[in-house]
Structure formats: structure tokens, C-alpha cells
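Visitor: Quick one: the structure is below, and I'll ask about it shortly.
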Amino acid sequence: MAVATASTYRMLIDGAWREGATGRTFVVRNPATGASIAEVPDGNLDDVRAAVEAAHRAFPAWSHLPADGRAAILHKAATIMRERQEELARLLTMENGKPIAESRGEVASSAAFLDWNAEEARRTYGQVVPAASPDKRVLVLRQPVGVVAAITPWNFPLSMPARKVAPALAAGCTVVLRPSRATPLVAIETFRILKEAGIPAGVANIVTGTNSAEAGRELAEHPLVRKVTFTGSTEVGKQLMRYAAGTMKRVSFELGGHAPFIVFDDADLEKAAQAVILSRFRNAGQTCICTNRLFVQDGIAERFSARVAELARNLKVGNGLDAGVQVGPLIDERGFQKVEEHVADARSHGAEVLAGGRRVSPDGLQGYFYEPTVLGNVRTDMLVMHDETFGPVLPVMPFATEDDAIRLANDTPFGLAAYFFTRDMGRGFRVAEGLEYGIVGLNDPLPTGPHIPFGGFKESGIGRENGAEGLQHFMEVKALSIAL
Ligand code: NAD
């Protein structure tokens, strides 16, 4: 694939492709090889402000466009995205490292977010409420909230922007996106697609750059921004919430997770083992809903751990562009060090390495590759059992009863996704209801999609994306009381 150049990648602000105010750029690197892929504008505060002001100017016309008009543009963008699936998937793998099959899936799901929200745009119904007196009428109207600032992480560089920008635009909001500095390229491509699909100037803006803290603060404090939607770590989410409080902005936060995966002894064990592998090791374990802790009922714990370790050892690690690769590199040095620290901490406290446990260099590649790792004999006070590893490491712990499993699973400040496998439907309901999590997969390691509300309990966030709920978070409710 041809290597892109700085002239290919610019920021879309007020309908025009721009360099940053300073003219500076930064390099985006392939985490599998360390090679430079492209240069991207290093936008500063002037660029952020220009984008916010453009979005503010574009808001009246866009919010008054009938829903059909907004839906037509989003559907067209989805079609273009599907036509470019292969090209986008390759670029995504180059900047993020994930296997190409996962990138193709991410392009498909991103196009699905555009289509789903295009349809939802037509269904932002209000209400007529029975009035308290005969000479009054009461209506409940829904209106777009205004300028939306969206801040996204690197682990799903295409679908995270799509999951925010699509509902915001569908609701009638205008948007400024700040993608992660590690993976801005497919985000920029998304805006190229939106422009080609006919999005008016200023409605969708993207500002790239290296100073995330400065840009994030500006977006969360800017008086013209009415809503901040952020996906990333809980730590940064809390900081943004403090900034947003100054102007009482609406916020939606999709933050960290620490997903438990519970296997009861009546489960289909082979299906459960395959599901754990998928849930833990896709995207090299760098997924907010990835399994972080595996709890197995004590009678089957040894046999099940051995099977999971065997499957983990058989996963192919390498450059995501190579056929058959199932686990790519970690995103960067910081991510790699966290994984090493978690494994070292577990080992030093007596954990047994059942699979993996070290850095590897497939085909001599210098990226941050780590073997899919399974740890036995773990305790709840080990780092892996309470801090999000965000890497290919799976600690396994036995449990005795249903109540124990629920208690262990809920013993965390996070509450994003949880999984469990059982064939007993009564237990299915009891456990699903007992788990303090926003997303529960019962015999299902992939409980997500544009039609399913996505978000967390506790410190995993506020609000929901996707589903019918998703769009509502970009709208205000207005009560209209009329005296006749
Ligand atoms: P991060 O919090 O470091 O960064 C997320 C985004 O915020 C990036 O664009 C980054 O540039 C920006 N940012 C960083 N510091 C900032 C600051 N001080 N102020 C404002 N913006 C700042 O997270 P990450 O490493 O990019 O992503 C991994 C985290 O994201 C994990 O905790 C993961 O669980 C979480 N995540 C959650 C979901 C979800 O839907 N709940 C989805 C994906 C990732």
C-alpha cells in the first residue's frame, strides 16, 4: 500500500481541509513495525476554537434540516464506507495493529452505526401529555442539544468516532471530533467520507494533535460546546467531568472496564472456552469490554483452565496485515509496560503461568508483541484482578457457589461488561440480575451492536451509546405548555 503523505491528511474545519495554525505536524507510526505511516497536523487551541466556532455557526441550518435530509447524508456515508472497506481496514490495521479481519469487521460495524442512526433520526418522537385543565395542551418536544465535542481513544479508531458522530449528526447536532493521537488516520477518512456524502460546511469538524490534555480541557470548558461525549480511561473521564461542570455541559462517558467471565459447571465448556479466548484476546486484549477476570466453578476449574491455556498457546501472533494472524501488537511502550508490570506482579505473588508470559518478536518484528498469557493460582489482591490490564493476559480463579461468583464479579469499581456461561435458565436470570454491569452476555461473548444500548454502571461511565437510548443523549427535552 502506498505510504500516505502529509498532504493527504489534514483537518476538516468549516468545510475546508486545513493545516494546523502553527503548520506543525506529527508522525503516525505502525505499532507492528515502528514505521512511519503518515504525517498529520498538530492542531493547537486556535484550531480547536476555530472548529467549535464553525460548528456553532453551522448548527441552526443543520438542526432545522428535516430528519430525512440528515438521514440521506448518513446513509450515503455508510455506502461509501462499505465501498472502501478494504482500503480502510488496511489503514486501520496499519495504525492500530489489530488483525485485518477485525479491522474489516470494524469498518462494517461503523457503517452500521451510520445506517442505524440515520433511521433513528426519523424516530425522535415527542409526546402529547394529557393536560391538567381543559383549556391547556401540553407537548413534549425533543431538540438537538447543540455543538457536540467528541473525544475518542485508539483501540477502535473508526467505530468510536462513528458511534459518536453518527447519533450526534442524526439528532441535528454539529460536531468537533478529537481522535487519539495514536490513530487519527481512519478518523480523518471518516470525515472525508462525510464530506463526500454531502455534509454541509462546519457541521462535522475534526481537529488532530498531540496535546490531548489541552485540547480536551478546551473542548470541555468552551462555552459554545453543549455536550461532551468521551470514550477512554476512567481517570481522564473524571477530569473532563470536572472541566465540563463549569458550564454544566451534558456528558456521556464510556470509560474503563474490568469484565468478569463466569463459567458454571453445567455450561457447554467448549463453547465457553472459545468464547473466553475471543473475549480476552481480540484486539490483543485492548478492548474495554474484554474479559479481565475468568471465574470457573471449582469442579471444572483445572480442566477448563488447561483447555483455555491450550487455545491461547495456539493463537497466531504477528503483523495484523499477514493472513492468519489473530493477535497483533500492543499499541505502544506504555501499554506494553502495563502488561509486563501486571504479569510480574502476579508472578511475584505466586501466580502460575499456564500459557505465554513474555514478549515475542514474530518474524523479527520490533513492535510491542506479547504472548497470549493465562495465569493460574491468582488472588484478588493482584494487579491483574483489579486494574484494567488492557493486554493479552487472562487470570483464572475458581469459585464455589453462584453467590460467590456474583460477589467476586461485582468486587470492582467498574461495571461495563460481564459474561457468564450456564445452561440453567433460572440461574441465567438470577445471575444476570445480580451483576452490576451495563452489558451482560449470557452464553454470548459479543453482546454489542448498533441496536444494543452500550454503557457502564459505576465508574465505567454515564449515559449509553447505541440502541434507541443512544440518540436521546444528544437531545434536550422541552416541555411546551399552551393555554388556549
Ligand atoms: P485515554 O483516556 O488515555 O485517552 C482517550 C482519549 O482522550 C484520547 O483521544 C486521548 O488523546 C484523550 N486524552 C488523553 N488525556 C487527556 C486529558 N487529560 N484530557 C482530555 N483528553 C485526553 O484512553 P486510551 O488509552 O486512549 O483508551 C483506553 C481506555 O479507554 C481504556 O480504559 C478502555 O477501557 C477505555 N475504553 C472504553 C470504551 C467504552 O466504550 N467504555 C471503549 C474503548 C475504550
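Visitor: On the given criteria, is VAL308 within 16 Å of SER279 (Cα to Cα), part of a helix (DSSP H, G or I) and among the β-branched types (Val, Ile, Thr)? Full working, then the answer.
Guide: Values: within 16 Å of SER279 (Cα to Cα): yes; part of a helix (DSSP H, G or I): yes; among the β-branched types (Val, Ile, Thr): yes.
The answer is yes for VAL308.
Visitor: Evaluate the following for THR190: is it crowded, with 21+ Cβ neighbours inside 10 Å, out of contact with any strand residue (DSSP E or B) (no Cβ under 7 Å at 6 or more places or on another chain) and among the hydroxyl-bearing types (Ser, Thr, Tyr)? Talk me through it step by step, then tell me what you get.
Guide: Values: crowded, with 21+ Cβ neighbours inside 10 Å: yes; out of contact with any strand residue (DSSP E or B) (no Cβ under 7 Å at 6 or more places or on another chain): yes; among the hydroxyl-bearing types (Ser, Thr, Tyr): yes.
Against the criterion (crowded, with 21+ Cβ neighbours inside 10 Å, out of contact with any strand residue (DSSP E or B) (no Cβ under 7 Å at 6 or more places or on another chain) and among the hydroxyl-bearing types (Ser, Thr, Tyr)), THR190 qualifies.
Visitor: Separate question: Can you give me the ranges of the helices (runs of 4 or more DSSP H) entirely in the stretch 169-282 with at least 1 residues that are more than 21 Å from LEU471 (Cβ to Cβ), modelled with pLDDT of 95 or more and near the ligand (Cβ under 9 Å from one of its atoms)?
Guide: The qualifying helices (runs of 4 or more DSSP H) are 212-221, 234-245.
Visitor: Residue under question is LEU315, and the condition is that it be open to solvent by less than 10 Å² (accessible area, probe 1.4 Å) and farther than 14 Å from GLY376 by Cα; does it hold?
Guide: In short, no.
Visitor: Pairs under 8 Å by beta carbon, first residue farther than 22 Å from THR124 by Cα and outside the structural domain of ARG217 (by TED's automatic domain parsing) in the stretch 168-182, partner in a strand (DSSP E or B) and at pLDDT 95 or above, six or more apart or different chains?
Guide: Final answer for the pair search is none.
Visitor: Just checking, which of GLU465, GLU469, GLU459 is within 12 Å of the ligand (Cβ to nearest atom) and open to solvent by 70 Å² or more (accessible area, probe 1.4 Å)? First the steps, then the outcome.
Guide: Working: GLU465 fails: open to solvent by 70 Å² or more (accessible area, probe 1.4 Å); GLU469 fails: within 12 Å of the ligand (Cβ to nearest atom).
Every option except GLU459 fails the conditions.
Visitor: I'd like to check something: does the stretch 241-258 contain any residue that is farther than 24 Å from ALA405 by Cβ and touching a Pro at 6+ places or on another chain (Cβ under 8 Å)?
Guide: Looking through the stretch 241-258, at least one residue is farther than 24 Å from ALA405 by Cβ and touching a Pro at 6+ places or on another chain (Cβ under 8 Å).
Visitor: Is it fair to say ALA61 is out of contact with any strand residue (DSSP E or B) (no Cβ under 9 Å at 6 or more places or on another chain), open to solvent by 60 Å² or more (accessible area, probe 1.4 Å) and among the small types (Gly, Ala, Ser)?
Guide: Answer is yes for this residue.
Visitor: Just to be sure before I move on: is ASN292 touching a His at 6+ places or on another chain (Cβ under 9 Å) and touching a residue at least 40 places away in the same chain (Cβ under 8 Å) in the structure I sent? Can you show your working first?
Guide: Working: touching a His at 6+ places or on another chain (Cβ under 9 Å): yes; touching a residue at least 40 places away in the same chain (Cβ under 8 Å): yes.
Spelling it out, ASN292 is indeed touching a His at 6+ places or on another chain (Cβ under 9 Å) and touching a residue at least 40 places away in the same chain (Cβ under 8 Å).
Visitor: How about the stretch 122-138: which of its residues are touching a Lys or Arg at 6+ places or on another chain (Cβ under 8 Å), open to solvent by 100 Å² or more (accessible area, probe 1.4 Å) and either outside any strand (DSSP E or B) or more than 28 Å from PRO66 (Cα to Cα) (or both)? Reasoning before the result, please.
Guide: Residues of the stretch 122-138 that are touching a Lys or Arg at 6+ places or on another chain (Cβ under 8 Å), as a first pass: 124-126, 128, 131.
Imposing the further condition that a residue be open to solvent by 100 Å² or more (accessible area, probe 1.4 Å) reduces the set to 125, 128.
Hit for the stretch 122-138 is TYR125, nothing else.
Visitor: A further question follows. Pairs needed: first member in the stretch 334-345, aromatic (Phe, Trp, Tyr); second member anywhere, open to solvent by 80 Å² or more (accessible area, probe 1.4 Å); C-beta distance under 9 Å; at least 6 residues apart or different chains.
Guide: PHE336/ARG359
The values are calculated or read from the model by the stated rules, or taken from the named source; none is laboratory data. Values in this document were obtained by computation on a predicted structure and should not be read as measured data. With ideal geometry, Cβ positions are generated from the backbone for all residues, glycine too; neighbour counts draw on all protein chains shown. Surface accessibility is based on the protein's heavy atoms, side chains included, excluding ligands, DNA and RNA. Shrake-Rupley method; radii C 1.70, N 1.55, O 1.52, S 1.80 Å.
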